[in-house]
Amino acid sequence: MDLSVVVPTYREALNLRELVERLCAGFAESGIEGEILVVDDNSNDGTEELCAQLAASHPVRLFVRRTERGLATAVIHGMRQATGRVFLCMDADLSHPPESVPELYRAVASGACEIAIGSRYVEGGSVEEGWGLFRWLNSKVATSLARGLTKVKDPMGGFFAIRREVFLNAPPLAPLGYKILLELLAKCPKARAKEIPIEFKDRKFGESKLNLKQQLLYLRHLRWLYQFRYPVLSEIFQYGLVGLTGLAVDLLAFSFLYRIFLVHHLASRAASFVVAATWNWAWNRRITFEGARSRARLPQWAGFLLVSAVGFLLNWGIYYLLTTRSAFFLSAKELALVCGVVAGFAFNYLGARLLVFGRSVVAKAAGRTAPEPEPQSLVGK
Ligand SMILES: Nc1nc2c(ncn2[C@@H]2O[C@H](COP(=O)(O)OP(=O)(O)OP(=O)(O)O)[C@@H](O)[C@H]2O)c(=O)[nH]1
Ligand SMILES: [Mg+2]
């Protein structure tokens, strides 16, 4: 088998016949021995009956997942059953032109690349006129957020061909939501990718399944992928982000106690420190070091407070030492302040990572896997 085309479907019965016929015409014209694997998530819209009909005269196989939902995991499910030398993934709604499939296939089969991407954003590629500003902006923002993971111009489209071995040898895949191509590009950075221009068409039948929930899933997926690619950097980034919110909490708590309850300013300062450190501990436990969430809370909290207090003293102590011992820093107090903050932050982060939370987050990010496939019903051989 040359090519396995995997098509995830949810309520696409109105589009499937045309898709299969146009794909098969392309196979015949280009002399490709191809199969089409439809992975449906229990649409109950006639997809099963239609595939049974199509399978009589076309190389179509249908897999139905009865309980699971999700585009990306459906694609993985299909690719695990595929027999071609090249796998190709495309939408069912005819947005991805079936006539481009042979070109994508040839790019991979010839060895020109390992992943060939049908791209809207390289020269010659296009989207249909009438995309509103919101839709265009949405696509652009989503793509820019993935810049640190891939240089590909259109990693969001979901129309791509991939060499069988690259897929099978990829690290454990755990996509959330829609972005299976981004998952593969991020986890297989050595695979050579090539973008081939396509004309993207808007769907004529059926409804889009891309909703707000999918967009939020995308943000979580991005976080997982950045953790996978840059485990230490993303940990420091998240730690810093939590720290910034902690600063706001510190300020709020201090003003509340000092201005409203008229507590002595030093007592207010000490109390707001405990409140902010507790806030930071809780969010770091939940987000930055989520692998350490199963550990006992109380000793972890106490350890975190201790590390934060030492970090605070270090911060302040360095400022004090620099400005009392050095004439240079005496006239550059802001620089002394920054030195203190950087040293305090570094100590806090290292202390939290090594002493309080442990090192489990990296392993956690690398070890996430997609759910195991459920038993399937099947049409076609
Ligand atoms: N198996 C499966 N397929 C899905 C699921 N969600 C979407 N799909 C399919 O994935 C493809 C892309 O979904 P669309 O709804 O077209 O999403 P989109 O292309 O981003 O949105 P539009 O541009 O509005 O069409 C289509 O073939 C859908 O049927 C799902 O949960 N499970
Ligand atoms: Mg679509």
Item to complete: State yes or no: is ALA174 more than 17 Å from LEU71 (Cα to Cα), away from ligand 2 (no atom under 16 Å from the Cβ) and within 19 Å of the chain's Cα centre (by Cα)?
Response: no
Worksheet item: In segment 6-22, is there at least one residue being free of Cβ contacts under 8 Å to residues at least 24 places away in the same chain and of a type in the set (A, V, I, L, M, F, W, C)?
Response: no
Fill in: Among the residues listed as GLU103, GLU129, GLU123, the single one being part of a loop (DSSP other than H, G, I, E, B), touching a residue at least 60 places away in the same chain (Cβ under 8 Å) and charged (D, E, K, R)
GLU123
Worksheet item: Residues in segment 49-80 that are farther than 20 Å from LEU176 by Cα and assigned to a helix (DSSP H, G or I): how many?
Response: 7
Response to the item:
Residue hits (segment 177-210; over 17 Å from ALA72 (Cβ atoms), within 16 Å of ligand 2 (Cβ to nearest atom) and surrounded by fewer than 23 Cβ atoms within 10 Å (Cβ to Cβ)) are GLU199, PHE200, LYS201, ASP202, ARG203, LYS204, PHE205, GLY206, GLU207
Discussion item. Condition check: farther than 30 Å from ALA174 by Cβ, of a type in the set (D, E, K, R) and assigned by TED's automatic domain parsing to the domain that holds CYS188. Does ASP250 satisfy that?
Written reply: no
Worksheet item: Does segment 126-134 include one or more residues that are charged (D, E, K, R), closer than 15 Å to HIS96 by Cβ, over 15 Å from the mean Cα position of the chain (by Cα) and assigned by TED's automatic domain parsing to the domain that holds GLY84?
Response: yes
Worksheet, complete the sentence: So, first residue outside the structural domain of VAL310 (by TED's automatic domain parsing) in segment 321-343, second residue part of a helix (DSSP H, G or I) and modelled with pLDDT of 95 or more, Cβ within less than 6 Å, six or more apart or across chains; the pairs are none
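Quick one: is ALA186 under 30 Å from ARG106 (Cβ atoms), in a helix (DSSP H, G or I) and hydrophobic (A, V, I, L, M, F, W, C)? Explain how you work it out, then say what you get.
Working: under 30 Å from ARG106 (Cβ atoms): yes; in a helix (DSSP H, G or I): yes; hydrophobic (A, V, I, L, M, F, W, C): yes.
It is true that ALA186 is under 30 Å from ARG106 (Cβ atoms), in a helix (DSSP H, G or I) and hydrophobic (A, V, I, L, M, F, W, C).
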Response to the item:
Scanning segment 106-120 for residues that are within 16 Å of ligand 2 (Cβ to nearest atom) and without any contact (Cβ under 8 Å) to a residue 60 or more places away in the chain gives none
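The values are calculated or read from the model by the stated rules, or taken from the named source; none is laboratory data. Every value quoted in this text rests on a predicted model; they were computed, and no experiment measured them. For neighbour counting, all protein chains shown are included, and Cβ atoms are generated from backbone atoms with ideal geometry for every residue, glycine included.
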